[in-house]
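Read the figures in this text as sums done on the coordinates, not as results from a lab. Being a predicted model, the structure only gives us computed values, none of them experimental. All Cβ positions, glycine included, derive from the backbone under ideal geometry; neighbour counts span all protein chains shown.
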């Protein structure tokens with residue numbers, strides 16, 4: 001079984017990089033209760049890929065802008081600026097996120113339907129982990145490493161504004177700028193991971209590992225450790241099972257993540273009772 | 001000595017809508033002021049202007065250059081879903097002093113433990129914040145405010161949702177911090193009866209109205225009846241003042257509900 005997996009090791013490395021980056025940022029996504037911002041950003045990112053494919057198919061070449069990753073990144077950053085701006089008028093924030101999600105999903109599907117070779121490009125929306133090459137992994141690393149370093153350096157600032165923004169503000173923290181940094185790094189990671197992992201797997205990596213971490217630990221250090229460990233574990237297990245059993249990799253990894261959440265939840269139940 | 005904060009004919013509000021107009025008062029060093037009023041009257045608006053997160057629509061709010069707030073938010077403003085130990089939360093009060101991108105030192109840790117000791121809960125330092133009682137959580141947030149070495153302690157509804165014992169203990173602790181350490185304190189609360197027996201001055205905010213004075217000046221039947229717009233009785237029991245609204249027919253207060 002492992003010899004088959006080794007054939008696709010470049011793809012596995014890519015999946016592990018995506019798992020690592022998303023699971024670290026996912027801690028903030030879950031703790032700040034912005035899970036649906038994560039979902040909306042993932043959907044917008046995929047709509048960006050669809051738009052790039054549509055424009056290319058229609059013969060509209062705008063240079064690098066029509067590259068799927070670049071277009072995805074541009075749209076995601078625009079959405080990040082929008083979400084980081086906070087509440088607007090009478091529309092509740094979660095309704096704004098819902099509208100964005102629904103519209104992005106609909107446009108993504110419509111654009112793909114009208115893009116030439118649309119059926120081939122469906123893979124961009126559902127992901128294609130097995131298609132990750134060494135170069136792709138290097139690009140993913142080039143995005144993930146600076147983002148993770150930034151998060152390590154400014155850990156206490158990001159934690160403070162996430163935990164108690166009002167007090168942080170009284171101590172002189174520009175809460176909006178820190179929000180923007182968090183959302184921007186989130187957007188960049190999502191956009192770079194999207195064309196390989198697809199909406200479902202990116203969203204999975206942003207939420208499920210952090211939930212496992214919350215169930216497994218009582219400290220922030222433990223939460224980050226278990227979030228990353230469970231994401232890497234799910235990526236490895238799901239990928240390793242998907243190749244020999246000829247299963248789609250993304251859903252297999254998501255299912256493995258789900259099983260880990262379930263194990264953590266049961267473990268917590270047992271620990272509380274004993 | 002110049003006051004730490006001065007509101008000079010300040011009009012406060014949001015957008016073009018003024019919530020409070022022409023407010024003038026100051027907070028001198030060593031003051032123990034209660035900012036009291038019903039929910040929605042404008043206490044938070046004054047608090048935000050004081051902390052600098054809201055600019056006055058007219059007039060000025062001047063802060064001393066040496067001013068440093070130790071802010072204690074309402075307990076429910078803090079997210080207990082974060083898996084943080086008590087000591088981690090207290091340490092946050094020093095984050096701005098530690099500097100951008102730097103880690104807390106042993107000195108910061110020592111100060112955090114001292115702050116916890118100061119509020120009587122050092123033994124809880126390594127427990128998860130979420131596991132504490134309401135009063136212990138409040139003490140943690142007060143310790144966090146103190147560890148930053150502030151010259152004004154600002155508490156927003158510190159006894160909200162607490163039982164009688166916890167309320168008395170928290171108000172007693174705040175009073176002790178003022179008496180023992182000479183700390184300037186501003187306490188925001190909707191509960192006049194609770195605050196009036198601890199603070200030295202009261203700023204009373206009711207819809208569109210503002211009045212400030214010593215506790216003796218404000219806690220009179222005439223002043224309170226005038227501010228609340230209903231007949232009020234001020235009784236004294238065992239050295240504590242108790243404010244009671246006189247019973248009235250329902251229709252007399254219907255427009256105030």
Two-site label geometry, residue B:11 and residue A:145: point separation in nm, points 7 Å out along Cα→Cβ = 5.8 nm
Taking a ≥ b ≥ c as the square roots of the Cα gyration tensor eigenvalues, with a/c under 1.5 meaning rounded and otherwise prolate when a/b beats b/c or oblate if not, segment A:138-274 comes out oblate
Springs between alpha-carbon atoms under 10 Å, Gaussian network over chain B: tell me which of B:139, B:17, B:75 tops the mean-square fluctuations.
-> B:17
Taking Cα pairs closer than 8 Å and at least 6 residues apart, the relative contact order of segment A:2-267 in percent is 32 percent
Between residue B:217 and residue A:246, what is the label-to-label distance in nm when each label sits 7 Å out along the Cα-to-Cβ direction?
-> 8.8 nm
Apply 1/(1 + (r/R0)^6) to the Cβ-Cβ distance of residue B:248 and residue B:114, taking R0 = 35 Å, and write down the FRET efficiency to the nearest 0.05.
-> 0.10
Globularity index of segment B:114-257, i.e. its alpha-carbon radius of gyration over 2.2 N^0.38 Å = 1.21
Two-site FRET efficiency, residue B:39 against residue A:3, from Cβ-Cβ distance with R₀ of 41 Å, rounded to 0.05 = 0.05
DSSP beta bridge pairing in the protein assembly as shown, given as percent antiparallel to the nearest 5 | 60 percent
Yeah, the protein assembly as shown with a ≥ b ≥ c from its alpha-carbon gyration tensor (a/c under 1.5 is rounded, else prolate when a/b outruns b/c, oblate otherwise) is prolate
Residue A:180 to residue B:62: FRET efficiency via 1/(1 + (r/R0)^6), r the Cβ-Cβ distance, R0 35 Å, to the nearest 0.05?
-> 0.70
What's the angle, to the nearest 10 degrees (0 to 90), between helix B:164-181's Cα axis and the longest principal axis of chain B?
-> 70 degrees
Peptides B:35-41, A:42-48, B:105-111, A:162-168: what's the order by average Cβ count within 10 Å, highest mean first?
-> A:42-48, A:162-168, B:35-41, B:105-111
If you rank A:194, A:200, B:219 by fewest surrounding Cβ atoms within 10 Å, what's the result?
-> A:200, B:219, A:194
Counting only DSSP beta bridges fully inside chain B, the antiparallel percentage to nearest 5 is 60 percent
Segment A:2-267: spread of alpha-carbon positions along the three principal axes, whole Å, largest first, is 54, 44, 30
What's the long-distance tail for segment B:1-116, i.e. % of Cα pairs beyond 22 Å?
-> 50 percent
Please say if chain B is rounded, prolate or oblate, where rounded means a/c under 1.5 for a ≥ b ≥ c the square roots of the C-alpha gyration tensor eigenvalues, and otherwise the choice is prolate for a/b larger than b/c and oblate otherwise?
-> prolate
Expected sort for A:145, A:35, B:72 with the fewest Cβ neighbours (10 Å cutoff) up front is A:145, A:35, B:72
